[in-house]
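*Asks:* Have a look at this one before I ask anything.
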Amino acid sequence: MTANEKLTKLRLVITENLRVQHGGADPVPYIDVGNVLNDIRARQNHVVFARRGCGKTLLLHHSSRHLDISVKCVYLNCEDFKSHSFPNVLIEILDALFRELEGHLTGWFGKKKRSRALIGDIRNELGRLRTRADTQEQNIRESVASEKESSLTGGASTSQASVLLRVGAGLSERTKAETERTYRILDDKLRELDTKLPALKAQIREFFDLSASVKSVFLQIDDFYHLNRFDQPFVMDYIHRLCKDLPLYFKVATLKHATTLYADRKGQPIGAQERHDYQPINIDFTFSDFRKTRELNHRILGEFGNLAGMESDEVDALFKGKGFERLVLAGGGVPRDSLSLFLEVLETVQSAEGDDRIGKDEIRILSRSNFERRIEELKQDSEGREQDSLIRGIYVLRKFCIDRKTSVFLVSEQMIQQEDQMRSLIYRLLDYRIVHSAASALTHKSQLGTYQAFAIDIGCYAHMRKLHGRFTEIDLADPSAKEQMRSAPVLEVSLFDELWKGAPADAERALREEDEEAA
């Protein structure tokens, strides 16, 4: 193949594999830099944590192709249940599980009349429960809406207004109360589901006893964060209890800071606890170890190059200077973001006259549009009040960094532990790759205590000509980066509150206008 043919194939291979899904392109292998593949293939409950685009879905699919013949996988994507209310969503997940088992009866369990009858009974009962839940749903919505309206009658007080500024699910007492009222209404339904759990488990146990070949089933539940935040611990609780003492094991993949797997309700634990009920698997790569993150992204691009018939030096030749490091930085260390931006930049340089290699400037030009896409993704995933707070938080953090003319800011470990609002905001923005973890347990050169370092996305500032020569961007690839961070400005609670109160009502519009003025 000629160089152009190889490049064309590289584009095709990357494009087809940016999002992993059933029935898509020929699957690429999961690049394991630790012992992740061995861990997730174990007959153990696991939760896989990572930001979007880090390979959670790829890990699930790849691992399912390398299991012992006696272990089978059922894959469910929670995005399919995104708009479903509780407990309907739980019934739908259970029904999807048994629908998949029913579809594989012959291949997995053989032609056994009793097996088919068992599955039929289970699905018929779930269908009956789902119908009952549908008839209750309107009453539930009307009841909750009525309570909300009565609580807001007469206008918002000062304390209520402060609640509206809270970031993240479960931080305000009113939100917690609304959730409690919702589940109080659903208590009868939950009790019925709980009552039927022992019988359901007995049927599943008999189902496995009838099989001579299938000894275990892995229940892969992808994108768990798409479920309503308040429903998550209740769904997780039932799935955990369903799998307990059965050859069923859950493999949940989700965003860490957009997920609640465990909660306390009236002194009773609900959900599944880390280390006790499941083992965590973290496949995220941050800027805390930029060298490792760069190497992972380099290996992934090299694997795609190999599929396109390119040697490693041919792939490296597509970049100049620190172009690849800049690509990883703009991608937030996330492989899918880096690959997507690579395709976009490659198209630009290939169509331009002169040097057709990718350098820092080419990445800088496109960083703003990449940042805007992340905001759109945040808006799609988050709900109204939370969405407004998150975008307001982006405005506040960017303003702080631009005012201080730095790409990195510090937050004290003590404040992270004590200030729910700030911790929730920063961690949620980590999930959306707008803020990036740069270091932890840092000491400051002039202040006491230990600090976490965060870098704002380069799309927040790299396109701003007014900052040229007047902005300190810490090179995270530099071995001295952590030493430089020790002099970075500290974001104190008082200043954060001041910036928050001074932020414009329409923070998203203000971000756009400032970008247009500064570009």
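*Asks:* If Val28 meets every condition in (1) surrounded by 17 or more Cβ atoms within 10 Å (Cβ to Cβ); (2) touching a Gly at 6+ places or on another chain (Cβ under 8 Å); (3) hydrophobic (A, V, I, L, M, F, W, C) apart from one, which number is that one?
*Replies:* Every listed condition holds for Val28 apart from (2).
*Asks:* Does the stretch 318-327 contain any residue that is under 22 Å from the mean Cα position of the chain (by Cα), more than 30 Å from Pro504 (Cβ to Cβ) and either crowded, with 18+ Cβ neighbours inside 10 Å or of a type in the set (Lys, Arg) (or both)?
*Replies:* Taking the stretch 318-327 as the starting set, the residues that turn out to be under 22 Å from the mean Cα position of the chain (by Cα) are 327.
Filter once more, keeping what is more than 30 Å from Pro504 (Cβ to Cβ): 327.
Going one step further and asking which of them are either crowded, with 18+ Cβ neighbours inside 10 Å or of a type in the set (Lys, Arg) (or both), we end up with 327.
Checking the stretch 318-327: at least one residue is under 22 Å from the mean Cα position of the chain (by Cα), more than 30 Å from Pro504 (Cβ to Cβ) and either crowded, with 18+ Cβ neighbours inside 10 Å or of a type in the set (Lys, Arg) (or both).
*Asks:* Related question: Evaluate the following for Val334: is it free of Cβ contacts under 8 Å to residues at least 24 places away in the same chain and either within 26 Å of Thr259 (Cβ to Cβ) or open to solvent by less than 10 Å² (accessible area, probe 1.4 Å) (or both)? Please lay out each step first, then the result.
*Replies:* Numbers: free of Cβ contacts under 8 Å to residues at least 24 places away in the same chain: no; either within 26 Å of Thr259 (Cβ to Cβ) or open to solvent by less than 10 Å² (accessible area, probe 1.4 Å) (or both): yes.
Considered against the rule, which asks whether it is free of Cβ contacts under 8 Å to residues at least 24 places away in the same chain and either within 26 Å of Thr259 (Cβ to Cβ) or open to solvent by less than 10 Å² (accessible area, probe 1.4 Å) (or both), Val334 comes out as no.
*Asks:* Taking the stretch 492-507 as the region of interest, how many residues are part of a helix (DSSP H, G or I) and open to solvent by 90 Å² or more (accessible area, probe 1.4 Å)?
*Replies:* First, pick out the residues of the stretch 492-507 that are part of a helix (DSSP H, G or I): 493-502, 507.
Pick out the ones that are also open to solvent by 90 Å² or more (accessible area, probe 1.4 Å) and you get 498, 501.
Within the stretch 492-507, residues that are part of a helix (DSSP H, G or I) and open to solvent by 90 Å² or more (accessible area, probe 1.4 Å) number 2.
*Asks:* In the stretch 45-60, how many are of a type in the set (S, T, N, Q) and either out of contact with any Phe, Trp or Tyr (no Cβ under 6 Å at 6 or more places or on another chain) or within 11 Å of Pro335 (Cβ to Cβ) (or both)?
*Replies:* Counting residues in the stretch 45-60 that are of a type in the set (S, T, N, Q) and either out of contact with any Phe, Trp or Tyr (no Cβ under 6 Å at 6 or more places or on another chain) or within 11 Å of Pro335 (Cβ to Cβ) (or both) gives 1.
*Asks:* Okay, next question. Going by the structure shown, is Arg191 out of contact with any helix residue (DSSP H, G or I) (no Cβ under 7 Å at 6 or more places or on another chain), open to solvent by 20 Å² or more (accessible area, probe 1.4 Å) and modelled with pLDDT under 85?
*Replies:* yes
*Asks:* All but one of (1) of a type in the set (Gly, Ala, Ser); (2) open to solvent by less than 70 Å² (accessible area, probe 1.4 Å); (3) assigned to a loop (DSSP other than H, G, I, E, B) hold for Ala510; which doesn't?
*Replies:* (3)
*Asks:* Something else: Val411: modelled with pLDDT under 95, among the β-branched types (Val, Ile, Thr) and under 29 Å from Arg229 (Cα atoms), yes or no?
*Replies:* On the way: modelled with pLDDT under 95: no; among the β-branched types (Val, Ile, Thr): yes; under 29 Å from Arg229 (Cα atoms): yes.
Judged against the criteria, Val411 is not a match.
*Asks:* If you don't mind, there's one more thing I want to ask. Can you name every residue in the stretch 194-209 that is closer than 13 Å to Asp245 by Cα, open to solvent by 70 Å² or more (accessible area, probe 1.4 Å) and modelled with pLDDT under 90?
*Replies:* Arg205
*Asks:* Identify all residues within the stretch 344-356 that are surrounded by 15 or more Cβ atoms within 10 Å (Cβ to Cβ) and in contact (Cβ under 8 Å) with a residue 40 or more places away in the chain; write none if there are none.
*Replies:* Correct list: Leu346 only.
*Asks:* Determine whether the stretch 28-38 contains at least one residue that is under 22 Å from Pro233 (Cα atoms) and not acidic (Asp, Glu). Spell out how you get there, then give the answer.
*Replies:* Step one: of the stretch 28-38, the residues under 22 Å from Pro233 (Cα atoms) are none.
Checked against the condition, which is being under 22 Å from Pro233 (Cα atoms) and not acidic (Asp, Glu), the stretch 28-38 yields no hits at all.
*Asks:* Residue check: is Gly309 in contact with a Lys or Arg (Cβ under 9 Å, 6 or more places away or on another chain) and at positive phi? Steps first, please.
*Replies:* Working: in contact with a Lys or Arg (Cβ under 9 Å, 6 or more places away or on another chain): yes; at positive phi: yes.
Here the answer is yes, as Gly309 does meet what is asked.
*Asks:* Restricting the search to the stretch 320-357, which residues are more than 23 Å from Phe285 (Cα to Cα) and among the β-branched types (Val, Ile, Thr)?
*Replies:* Of everything in the stretch 320-357, those that are more than 23 Å from Phe285 (Cα to Cα) and among the β-branched types (Val, Ile, Thr) turn out to be Thr348, Val349.
*Asks:* Give the residues of the stretch 239-264 that are under 27 Å from Tyr427 (Cα atoms) and out of contact with any Ser or Thr (no Cβ under 9 Å at 6 or more places or on another chain), sorted by residue number.
*Replies:* Here is the first cut: in the stretch 239-264, the residues under 27 Å from Tyr427 (Cα atoms) are 239-240, 250-264.
Within the stretch 239-264, Ile239, His240, Phe250, Thr254, Leu255, Lys256, Thr259, Thr260, Tyr262, Ala263, Asp264 qualify.
*Asks:* May I ask you to list the residues in the stretch 287-317 that are open to solvent by 70 Å² or more (accessible area, probe 1.4 Å) and of a type in the set (Ser, Thr, Tyr)?
*Replies:* Once the filter is applied, which keeps residues that are open to solvent by 70 Å² or more (accessible area, probe 1.4 Å) and of a type in the set (Ser, Thr, Tyr), the stretch 287-317 yields only Ser312.
*Asks:* So how many residues does the stretch 281-294 have that are of a type in the set (Asp, Glu) and in contact (Cβ under 8 Å) with a residue 60 or more places away in the chain?
*Replies:* 1
*Asks:* Within the stretch 386-397, can one find any residue that is β-branched (Val, Ile, Thr), open to solvent by less than 30 Å² (accessible area, probe 1.4 Å) and out of contact with any Asp or Glu (no Cβ under 6 Å at 6 or more places or on another chain)?
*Replies:* Yes.
*Asks:* On to the next question. How many residues does the stretch 407-460 contain that are of a type in the set (S, T, N, Q), touching a residue at least 60 places away in the same chain (Cβ under 8 Å) and either surrounded by fewer than 21 Cβ atoms within 10 Å (Cβ to Cβ) or assigned to a strand (DSSP E or B) (or both)?
*Replies:* Of all residues in the stretch 407-460, those of a type in the set (S, T, N, Q) come to 407, 412, 414, 417-418, 421, 424, 437, 440, 443, 446-447, 450, 452.
If we keep only those that are touching a residue at least 60 places away in the same chain (Cβ under 8 Å) as well, we get 407, 412, 421, 424, 437, 440.
Okay, now just the ones that are also either surrounded by fewer than 21 Cβ atoms within 10 Å (Cβ to Cβ) or assigned to a strand (DSSP E or B) (or both), so 412, 421, 437, 440.
Summing the residues that are of a type in the set (S, T, N, Q), touching a residue at least 60 places away in the same chain (Cβ under 8 Å) and either surrounded by fewer than 21 Cβ atoms within 10 Å (Cβ to Cβ) or assigned to a strand (DSSP E or B) (or both) in the stretch 407-460 gives 4.
*Asks:* Can you list the helices (runs of 4 or more DSSP H) found entirely within the stretch 301-404 that contain at least 1 residues being β-branched (Val, Ile, Thr) and within 30 Å of Tyr427 (Cβ to Cβ)? Break it down stepwise before answering.
*Replies:* Values: elements: 312-316, 323-330, 335-351, 360-381, 384-404.
Per the criteria, 323-330, 335-351, 360-381, 384-404.
*Asks:* May I pose another question? Restricting to the stretch 72-101, count the residues that are over 26 Å from Gln44 (Cβ atoms) and surrounded by fewer than 17 Cβ atoms within 10 Å (Cβ to Cβ).
*Replies:* 2
*Asks:* Output the residue which, of all residues in the stretch 228-243 that are of a type outside the set (Phe, Trp, Tyr) and open to solvent by 10 Å² or more (accessible area, probe 1.4 Å), is nearest to Arg205 (Cα to Cα).
*Replies:* Within the stretch 228-243, the subset of a type outside the set (Phe, Trp, Tyr) is 228-229, 231-233, 235-237, 239-243.
From the residues that got through so far, the ones that are open to solvent by 10 Å² or more (accessible area, probe 1.4 Å) too are 228-229, 231, 237, 240-241.
Values: Asn228: 30, Arg229: 31, Asp231: 27, Asp237: 19, His240: 15, Arg241: 14 Å.
Looking at the filtered set, the residue picked out is Arg241.
*Asks:* For the stretch 210-220, which residues satisfy the criterion of being farther than 28 Å from Ile281 by Cα and open to solvent by less than 20 Å² (accessible area, probe 1.4 Å)? Give the steps one after another, and end with the answer.
*Replies:* Quick first cut of the stretch 210-220, residues farther than 28 Å from Ile281 by Cα only: 210-213.
Of everything in the stretch 210-220, just one residue is farther than 28 Å from Ile281 by Cα and open to solvent by less than 20 Å² (accessible area, probe 1.4 Å), namely Ser211.
*Asks:* Restricting to the stretch 397-432, name every residue that is farther than 18 Å from Gln447 by Cα and hydrophobic (A, V, I, L, M, F, W, C).
*Replies:* Of everything in the stretch 397-432, those that are farther than 18 Å from Gln447 by Cα and hydrophobic (A, V, I, L, M, F, W, C) turn out to be Leu397, Phe400, Cys401, Ile402, Met422, Leu425, Ile426, Leu429, Leu430.
*Asks:* May I ask you to list the residues in the stretch 244-259 that are of a type in the set (D, E, K, R), within 16 Å of Gln279 (Cβ to Cβ) and open to solvent by 30 Å² or more (accessible area, probe 1.4 Å)?
*Replies:* Of everything in the stretch 244-259, those that are of a type in the set (D, E, K, R), within 16 Å of Gln279 (Cβ to Cβ) and open to solvent by 30 Å² or more (accessible area, probe 1.4 Å) turn out to be Lys244, Lys256.
*Asks:* Sticking with this structure for a sec: With buried (at least 20 other Cβ atoms within 10 Å of the Cβ) and closer than 29 Å to Ala42 by Cβ as the only criterion, which of Tyr262, Tyr278 stands out? Break it down stepwise before answering.
*Replies:* Values: Tyr262 fails: buried (at least 20 other Cβ atoms within 10 Å of the Cβ).
Exactly one residue qualifies, and that residue is Tyr278.
The values are calculated or read from the model by the stated rules, or taken from the named source; none is laboratory data. Just so you know, these numbers come straight off a predicted model, no measurement behind them. When we count neighbours, we look across all protein chains shown, and the Cβ atoms used for this are built from the backbone with ideal geometry, even at glycine. SASA here: full protein model, heavy atoms, side chains in, ligands and nucleic acids out. Shrake-Rupley method; radii C 1.70, N 1.55, O 1.52, S 1.80 Å.
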